[in-house]
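Visitor: Handing you a structure now.
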Amino acid sequence: LGQSMRAADSTPDESKPRSGRRLVIVDAANCLYRAFFAIPPLRTHDGTPTNAALGFVNMLMKALREERPDHVVVVFDARGAADGRRALYPEYKAHRDAQPEDLSLQVPLVRELVGAYQIPILEVTGCEADDVIATLVAAAPSDMSVAILSTDKDLMQLVSERVALIDTMKGRHYGPAEVEERFGVPPARVLDLRALVGDPSDNIPGVKGIGEKGAAKLITEYGTLENLLAHAGEIAAARTRTALQEQADAARLSKRLAALRDDVALPLTL
């Protein structure tokens, strides 16, 4: 990790113009998983795995150099994070595989590294990291731009003119235009689209028989999920019409599961 840690002292990227304050929010789980599977296995002399820790630090350092933030926070899931949504839908995230042991072993190392950089770690009991991130975005002053270090599709509903997702591994930046290119709808309508499509990784049902392209077309035409369901009987395609009429409750449930809370009580301030 020495090379990456020395990068912390490198000169910030002055090529990017700055205006106002910046906040960088690091989605710890997303970054750790991506780093773990992107970097071949690496170990110390005693066998401790380090590939996820190395990748995490590389992502963090690149974000700090390029975004030059005034405020930084790393957000982890807390114990019982999914309990609230499981109370609504017991099958939520029911089919997820167990976290690889070599990745679990590196989580304490990453926490120690973040502490060494004097960056606060934020986790709120009973709340998923995505909800904590949404609350941080909502609480950020209007003159502050926000960069979320993550590729999580759920977080793309937060994107706006002052909020972006950044993927340092691929050098990608997701602003409103990039989100619309990715989904076929603007960020404000991503939640409605996700309610139709669902999410197999989180076991959110959606409406069976409607894919992402079809959902984008429907949301573009009808604007919101509720308006679409209200006019489902007018849809010419019989299969789509029937699916919406028969699975309206599943669509509404899926939207509630995918919606991010922005009212979490945070234990720290800017």
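The values are calculated or read from the model by the stated rules, or taken from the named source; none is laboratory data. Since this is a predicted model, take the numbers as computed values, not measurements. Using ideal geometry, Cβ is built from the backbone for each residue, glycine included, and neighbour counts are taken over all protein chains shown. Calculation scope for accessible area: heavy atoms of the full protein, side chains included, ligands and nucleic acids excluded. Shrake-Rupley method; radii C 1.70, N 1.55, O 1.52, S 1.80 Å.
Visitor: Among the candidates Arg111, Arg162, which residue alone is closer than 18 Å to Arg79 by Cα and of a type outside the set (Asp, Glu)?
Guide: Being closer than 18 Å to Arg79 by Cα and of a type outside the set (Asp, Glu) holds for just one of Arg111, Arg162, which is Arg111.
Visitor: Could we say that Glu112 is under 29 Å from Thr48 (Cα atoms), crowded, with 23+ Cβ neighbours inside 10 Å and not aromatic (Phe, Trp, Tyr) here?
Guide: no
Visitor: Under 30 Å from Ser142 (Cβ atoms) and surrounded by 11 or more Cβ atoms within 10 Å (Cβ to Cβ): does that describe Ile39?
Guide: Spelling it out, it is not the case that Ile39 is under 30 Å from Ser142 (Cβ atoms) and surrounded by 11 or more Cβ atoms within 10 Å (Cβ to Cβ).
Visitor: While we're looking at this one, here's another question. Take the residues in segment 224-270 that are surrounded by 12 or more Cβ atoms within 10 Å (Cβ to Cβ) and among the hydroxyl-bearing types (Ser, Thr, Tyr), then tell me which one is farthest from the chain's Cα centre (by Cα).
Guide: In this case the residue turns out to be Thr242.
Visitor: Any residue at all in segment 107-130 that is under 30 Å from Ala177 (Cα atoms) and in a helix (DSSP H, G or I)?
Guide: Yes, that holds for at least one residue.
Visitor: What number of residues within segment 173-205 are farther than 21 Å from Lys93 by Cα, of a type in the set (Gly, Ala, Ser), open to solvent by less than 20 Å² (accessible area, probe 1.4 Å) and assigned to a helix (DSSP H, G or I)?
Guide: 0
Visitor: Could you check segment 206-223 and list, in sequence order, the residues that are open to solvent by 40 Å² or more (accessible area, probe 1.4 Å) and in contact (Cβ under 8 Å) with a residue 24 or more places away in the chain?
Guide: Lys208, Gly209, Glu212, Lys213, Lys217, Thr220
Visitor: Identify the single condition in (1) at pLDDT 95 or above; (2) outside any helix (DSSP H, G or I); (3) not small (Gly, Ala, Ser) that Leu253 does not satisfy, given that it satisfies every other one.
Guide: (2)
Visitor: Among the residues of segment 1-14, is there at least one that is modelled with pLDDT of 55 or more and more than 30 Å from Leu266 (Cα to Cα)?
Guide: No, every residue in segment 1-14 fails to be modelled with pLDDT of 55 or more and more than 30 Å from Leu266 (Cα to Cα).
Visitor: Scanning segment 154-168 for residues that are of a type outside the set (A, V, I, L, M) and part of a helix (DSSP H, G or I), which turns out surrounded by the fewest Cβ atoms within 10 Å (Cβ to Cβ)?
Guide: Only one residue tops the list, namely Gln157.
Visitor: With the requirement that a residue be crowded, with 20+ Cβ neighbours inside 10 Å and over 14 Å from Arg22 (Cα atoms), what does segment 122-148 give you?
Guide: Answer for segment 122-148, where residues must be crowded, with 20+ Cβ neighbours inside 10 Å and over 14 Å from Arg22 (Cα atoms): Leu122, Cys127, Glu128, Ala129, Asp130, Asp131, Val132, Ile133, Ala134, Thr135.
Visitor: Being at pLDDT 95 or above and of a type outside the set (A, V, I, L, M, F, W, C) is true for just one of Asp192, Asp202. Which residue is that?
Guide: Asp192
Visitor: Among residues belonging to segment 48-99 that are modelled with pLDDT of 95 or more and among the small types (Gly, Ala, Ser), point out the one that is nearest to Val163 (Cα to Cα).
Guide: Residue satisfying both the conditions and the ranking: Ala63.
Visitor: Does Ser19 satisfy the criteria of being assigned to a helix (DSSP H, G or I), of a type in the set (Ser, Thr, Tyr) and modelled with pLDDT under 95?
Guide: no
Visitor: Quick one: Thr151 ticks every box in (1) open to solvent by 20 Å² or more (accessible area, probe 1.4 Å); (2) in a loop (DSSP other than H, G, I, E, B); (3) farther than 19 Å from Asp131 by Cβ; (4) not aromatic (Phe, Trp, Tyr) bar one, so which box is it?
Guide: Against the list (1) open to solvent by 20 Å² or more (accessible area, probe 1.4 Å); (2) in a loop (DSSP other than H, G, I, E, B); (3) farther than 19 Å from Asp131 by Cβ; (4) not aromatic (Phe, Trp, Tyr), Thr151 comes up short only on (3).
Visitor: Given the options His71, His95, name the one that is within 23 Å of Ala258 (Cα to Cα) and either of a type outside the set (A, V, I, L, M) or out of contact with any helix residue (DSSP H, G or I) (no Cβ under 6 Å at 6 or more places or on another chain) (or both).
Guide: The match here is His95.
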